[in-house]
Amino acid sequence: MIRKVKHLYVHIPFCNSICTYCDFVRYVRNDQTKEEYVNKIIEQIKHQYKNHKFSTIYIGGGTPNCLNDDLLNKLLCTLSHYLLNKYEFTIECNPELITDTQIRTLKQNKVNRVSIGVQSINDSLLRKIHRKHTLIDVKKAIDKLRKFKINNISIDLIYGFNEQTLSNIKDTCTFIKKHKIPHVSWYSLEVSNNSIMNKQGYKTNIDNIGNQFKLIIDTMNNINYKRYEVSNWSINRKYESIHNKCYWLSKEWAGLGIGAYGFENKKYYHYVGKVTKYKKISELIKTKDFYFQILMMGLRLVEGIDVTIQPYKSAYKYFKNKLVDVKIIHKKLLSKNINLLNNTLEKIL
């Protein structure tokens, strides 16, 4: 079978501790289990994607950089052989775990983009949500990465905690500007079913979330960051996430590891089971559902989707009579206001 897929997601489910808001597949395990898991990932890619090359590889988690240097090197060395000449190779990292030797491992294995799980620059809030780093750790991590010429840096941030204030948001944007962070993702807090927060009965304040997000949008614009997707900003276009665009544009991607999802040959699949003994569950997507997925994800992009090419053209035609609050500019279908995107999607449904 000839594979068209050009994007690969690898899930590393291990963490040194569990954050209160997290609902991802994650485990606290010993080095032996981690080694067994990495070996299984390596076996999987060699078996399923022999001689294949990807334009993007994204390693997420969990906390991928909680692997020790030898194990991380073993994983990255294998994955680096599956890259095209022009590529984006991203790994998610917790700032307190980033060391000089770890960065050398990243560099020698072609990693050229690092996404740092910052979440907040407020040390008090970080302690409450069980993050193990401090603002000082974040600053040190950024400085170390730049020292080794890894300049394509992204940071993840969360807004919507009841403990956050508008002043906290302003301080974070000041930090972003001061350190010239190339790429920033702002995610709204979601209290998921399996999270510690949910079990503790934590309730978010909708008005608080709305006020914080309005301030984020205004302030990020004021410090000259371009918003290119609902939750993502970059200092210029070259730092936009190529890998994540494959999701927003409903392109095919491969997934490896427990908790990972993939989309190939019109099938969505994910892996379930035990950490080192997982299996793939696949589902053929219906045409209508695929077209809805295209609009749901594509309209998240500020510049929208090109409805003169497939499969976006067919998706647009299928739902054309139900679309509201959208417009077409230069052949691109886009939302009139991506902050009100749910209005469009609810009408389609």
For this session: Treating the Cα atoms of region 265-315 as identical point scatterers in vacuum, please give the log10 of the normalised Debye intensity I(q)/I(0) at q = 0.13, 0.29, 0.31 Å⁻¹, two decimals.
Result: -0.45, -1.07, -1.14
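Dividing the alpha-carbon radius of gyration of region 155-260 by 2.2 N^0.38 Å (N being the number of residues), what value is obtained? Let's see the in-between values first.
Working: Rg = 15.7 Å, N = 106, 2.2 N^0.38 = 12.9 Å.
Rounded to two decimals, the normalised Rg is 1.21.
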Problem set entry | GNM flexibility winner over the chain from PHE161, PHE213, PHE148 (Cα, springs under 10 Å) | PHE148
Problem set entry | Residue-wise HN-Hα coupling along region 56-66, computed from phi with Karplus coefficients 6.51, -1.76, 1.60 (Hz; x: Gly, Pro) | 9, 10, 10, 9, x, x, x, 9, x, 8, 7
Problem set entry | Within the chain, percent of DSSP bridges classed antiparallel, to nearest 5 | 45
For this session: With Cα Rg over 2.2 N^0.38 Å defined as stated, name the option among [x] 1.38; [y] 0.99; [z] 1.09 computed from the structure displayed.
Result: [y]
For this session: Go ahead and set up a Gaussian network model of the chain, Cα springs under 10 Å, then flag whichever of ASN194, ASN152, ASN109 fluctuates most.
Result: ASN194
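Run through region 246-288 and list the trypsin sites (Lys or Arg not before Pro) located in a DSSP loop whose Cβ has at most 10 other Cβ atoms within 10 Å.
For trypsin sites (Lys or Arg not before Pro) across region 246-288 that sit outside H, G, I, E and B with at most 10 neighbouring Cβ atoms in 10 Å, the list reads LYS286.
Anything over 24 Å Cα to Cα? Flag those among LYS288/LYS327; LYS4/LYS286; LYS53/LYS110; LYS147/LYS170; LYS6/LYS279, in the order listed.
On the way: LYS288/LYS327 21 Å; LYS4/LYS286 20 Å; LYS53/LYS110 14 Å; LYS147/LYS170 28 Å; LYS6/LYS279 22 Å.
Exceeds cut-off: LYS147/LYS170.
In a shell of Cβ-Cβ distance under 11 Å around THR20, excluding THR20 itself, what net charge do Lys and Arg (+1) and Asp and Glu (-1) give?
Values: positive: ARG127, LYS128, ARG131, LYS199; negative: ASP23.
So the environment of THR20 carries a net charge of +3.
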Exercise. Mind checking which aspartates and glutamates have their C-alpha under 19 Å from LYS245, skipping anything on the same chain fewer than 8 residues away?
Worked result: GLU88, GLU92, ASP156, GLU229, GLU264, GLU303, ASP306
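Two decimals, Cα atoms only, Kirkwood Rh: what is Rg/Rh over region 218-317? Spell out each step's value before the answer.
Numbers: Rg = 16.4 Å, Rh = 15.4 Å.
Rounded to two decimals, Rg over Rh is 1.06.
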Seminar exercise, completed: P(r) over all Cα-Cα pairs of region 90-166, 5 Å bins from 0 to the longest distance, whole percent per bin, short to long, reads 3, 16, 28, 22, 14, 10, 5, 2, 0
Exercise. Which whole-Hz ³J(HN,Hα) couplings does region 302-312 yield from phi under the Karplus relation 6.51 cos²θ - 1.76 cosθ + 1.60, θ = phi - 60°, glycine and proline marked x?
Worked result: 4, 8, x, 10, 7, 8, 9, 10, 7, x, 5
Exercise. Under the classification rounded if a/c is under 1.5, otherwise prolate if a/b is larger than b/c and oblate if not, where does region 201-266 fall, given a ≥ b ≥ c as square roots of the Cα gyration tensor eigenvalues?
Worked result: oblate
Seminar exercise, completed: For THR204, the accessible surface traced by a 1.4 Å probe with all protein chains present amounts, in square angstrom to the nearest 10, to 60
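Taking Cα atoms of region 110-218, Rg/Rh with Kirkwood Rh, to two decimals? Spell out each step's value before the answer.
On the way: Rg = 14.7 Å, Rh = 14.9 Å.
Checking Rg against Rh, the ratio lands at 0.99.
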Exercise. Hey, what do the phi angles of region 250-260 turn into as Karplus ³J(HN,Hα) couplings, whole Hz, using 6.51/-1.76/1.60 and θ = phi - 60°, x for Gly and Pro?
Worked result: 6, 7, 6, 8, 9, x, 9, x, 4, x, 7
Exercise. Given the options LEU157, LEU106, LEU284, which has the most mean-square fluctuation in a GNM of the chain, springs set between C-alpha atoms less than 10 angstrom apart?
Worked result: LEU284
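Can you pull a Stokes-Einstein diffusion coefficient for region 298-343 at 4 °C (1.567 mPa s), Rh from Kirkwood over Cα pairs, as a whole number of µm²/s? Don't skip to the answer; put the middle values down first.
Numbers: Rh = 10.5 Å.
For these conditions, the coefficient is 123 µm²/s.
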Exercise. What percentages, rounded to whole numbers, describe P(r) for region 1-98 computed over all alpha carbon pairs with 10 Å bin width beginning at zero?
Worked result: 15, 47, 30, 8, 0
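The values are calculated or read from the model by the stated rules, or taken from the named source; none is laboratory data. What you are looking at is a predicted structure, and each value in this text was computed from that prediction instead of being measured. When we count neighbours, we look across all protein chains shown, and the Cβ atoms used for this are built from the backbone with ideal geometry, even at glycine. Each accessible area value is taken on the protein alone, full model and side chains, heavy atoms only, with ligands, DNA and RNA left out. Shrake-Rupley method; radii C 1.70, N 1.55, O 1.52, S 1.80 Å.
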